[in-house]
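What follows is a short report on a single structure.
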Amino acid sequence: MDPRQELGLAHTRRYFFGRTAAGLGTAALASVMNPGLGRADSVGAAGSAAIGQTGGVLAGLHHAPTAKRVIWLFMADAPSQLDLYDYKPGLKEYYDKDLPESVRSGQRITTMTSGQKRFPVAPSVFNFQQHGQHGAWISDLLPEIAKIADDITIVKSMHTEAINHDPAITFIQTGSEFPGRPSAGAWISYGIGSPNRDLPAFVVLHSRLAPGSSSQALFSRLWGSGFLPTKHAGVSMRSSGDPVLYLSNPPGVTSDRRRKMLDALGQLNQKKFEQVGDPEIVSRIAQYEMAFRMQTSVPELADISSEPKAVLDMYGPDVTQPGSFAYNCLLARRLAERGVPYTQVFLRGWDHHGGLPGNIRQLVKACDQPSAALIRDLKQRGMLDDTLVVWGGEFGRTVYSQGTLTPDNYGRDHHPRNYSMWLAGGGIKPGLVYGETDDFSYNVVKDPVHVHDLNATIMHCLGINHERLTYHLQGRDFRLTDVHGKVVRDILV
């Protein structure tokens, strides 16, 4: 800051009140250095004892949770529900016929297909079979996920409002199509914190692209903290080199020397905080301290050499390759074991506007076995009951072909009107198929689930009332689910 501005600041009423409020900030700073300091029995809003203490802004959970942690296997770029979970055998009769106008009813389409003279129906070339006690139809592309049909709930009636990738993925991640809002993981970190002081509350794992795949870009704001303190942003782990940037000390810098440097830097930051009362300084100190502790915790986390061979075999041959989806699924389980409340594993490459049959075959090879292995692994460790696993992306795919249609080849455009996801564990009913779509997998006809409903349900499983975890900014209270969203109670135990 300019010294003249600082001098002027010292003579303002705002500075006086800022210095008065610094006492509260000092208490916050002390809690960074000693998280157990000042802990007392929490009391709920109504004056009754709260349900469990949290390490976040909530004094106690709003209700008894069914999940302690969330692992979201995010299928970025939007997998085709028609080729994976939403079986429509009647479409074979409509092959290469125009989609009836009564189905689309003038609904908007993207600029990538708006210039097409026709919208020919493209039935899936893949076979489907029924699995599990409830007879869930699952594509032969997913033989391992099919075997866990009795452990998952498939939601076929997801829908969103965004029709292009960036606003759609921003919407489901942050509750708004416009950049700048906190991500879901940041809200969870802000609300309940983490029981593990040595690892972040929110971790993001990026998986390498499958051979031949192309993808949309992912931006760090998708796991950012928005207007929440920056310490709640997701920590992104890399697939090569140090799992986290600058995790290793530079040559010649010992751990003791790094500790002394951080102590001195902390003292300087504390003095600055006492002068200006900026709460972001407290976040900065917290991040430095977390980074120091992660120098020990993250290498131990990333070292899977102690895993039994049977476990490694369960995740598949790619599990020993850092950055593979299999490796990241195993890492997600290891994070869950260590108490990390929110882990997101990204697998990109589902943007199949053309050549879908060939491309999706490559992608499911990377996806199917590790996804199922994660459920089995959690279950055999007794962790699935309190770990909520979510599988799915930002929207679905059209029933009509984009570009040239042949009996064995087609592409599909973006489709926000309906798509499929699945959830497992953490209070979700097992073996359920929820929601229905029309004969063309174009519109939801029963039990619609909006992306706000999904996020509200995830927070509910964690013991959080999505309407009560808010942040006051610019004259209004913000929340992850914006101004609507309801818990999907029919899929809860």
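The values are calculated or read from the model by the stated rules, or taken from the named source; none is laboratory data. Please read all numbers here as calculations on a predicted model, not as lab measurements. Neighbour counts run over all protein chains shown; Cβ positions are idealised from the backbone, glycine included.
For this structure, a couple of remarks:
- Residue tally, condition polar (S, T, N, Q) and surrounded by fewer than 24 Cβ atoms within 10 Å (Cβ to Cβ), over segment 370-396: 1
- Segment 83-102, residues that are buried (at least 18 other Cβ atoms within 10 Å of the Cβ) and under 11 Å from Tyr400 (Cβ atoms): Leu91, Tyr94, Leu99
- Single match in His466, His472 (criterion: buried (at least 21 other Cβ atoms within 10 Å of the Cβ), free of Cβ contacts under 8 Å to residues at least 24 places away in the same chain and assigned by TED's automatic domain parsing to the domain that holds Gln344): His466
- When restricted to residues that are of a type in the set (A, V, I, L, M), crowded, with 20+ Cβ neighbours inside 10 Å and over 21 Å from the mean Cα position of the chain (by Cα), segment 397-431 contains 1.
- Leu378 being assigned by TED's automatic domain parsing to the domain that holds Asp98, on the phi < 0 side of the Ramachandran plot, modelled with pLDDT of 95 or more and in contact with a Ser or Thr (Cβ under 6 Å, 6 or more places away or on another chain): yes
- Among the numbered conditions (1) over 30 Å from Leu330 (Cβ atoms); (2) part of a loop (DSSP other than H, G, I, E, B), the only one that Val103 does not meet is (2).
- Taken over segment 465-489, the criterion of being touching a Ser or Thr at 6+ places or on another chain (Cβ under 9 Å) and β-branched (Val, Ile, Thr) is satisfied by Val487, Val488.
- Close pairs (7 angstrom Cβ cut-off, 6 or more residues apart or separate chains): touching a residue at least 60 places away in the same chain (Cβ under 8 Å) in segment 78-101, aromatic (Phe, Trp, Tyr) and not in a loop (DSSP other than H, G, I, E, B) anywhere: Gln81/Tyr419; Leu99/Tyr400
- Of the residues making up segment 324-377, those that are basic (Lys, Arg) and farther than 30 Å from Ser401 by Cβ are Arg333, Arg334, Arg338, Arg376.
- Checked against the criteria, Gly266 does not count as under 26 Å from Pro195 (Cα atoms) and not assigned by TED's automatic domain parsing to the domain that holds Asp256.
- Residues of segment 187-224 satisfying the condition of being among the hydroxyl-bearing types (Ser, Thr, Tyr), touching a residue at least 40 places away in the same chain (Cβ under 8 Å) and under 20 Å from Ala76 (Cβ atoms): Ser207, Ser213, Ser214, Ser215
- Options Gln287, Gln270; residue that is modelled with pLDDT of 75 or more, out of contact with any Asp or Glu (no Cβ under 6 Å at 6 or more places or on another chain) and not in a loop (DSSP other than H, G, I, E, B): Gln270
- Condition check for Gln344: more than 30 Å from Leu91 (Cα to Cα) and not small (Gly, Ala, Ser): yes
- Subset of segment 337-363 [under 14 Å from Leu374 (Cβ atoms), surrounded by 24 or more Cβ atoms within 10 Å (Cβ to Cβ) and out of contact with any Cys (no Cβ under 7 Å at 6 or more places or on another chain)]: Thr343, Gln344
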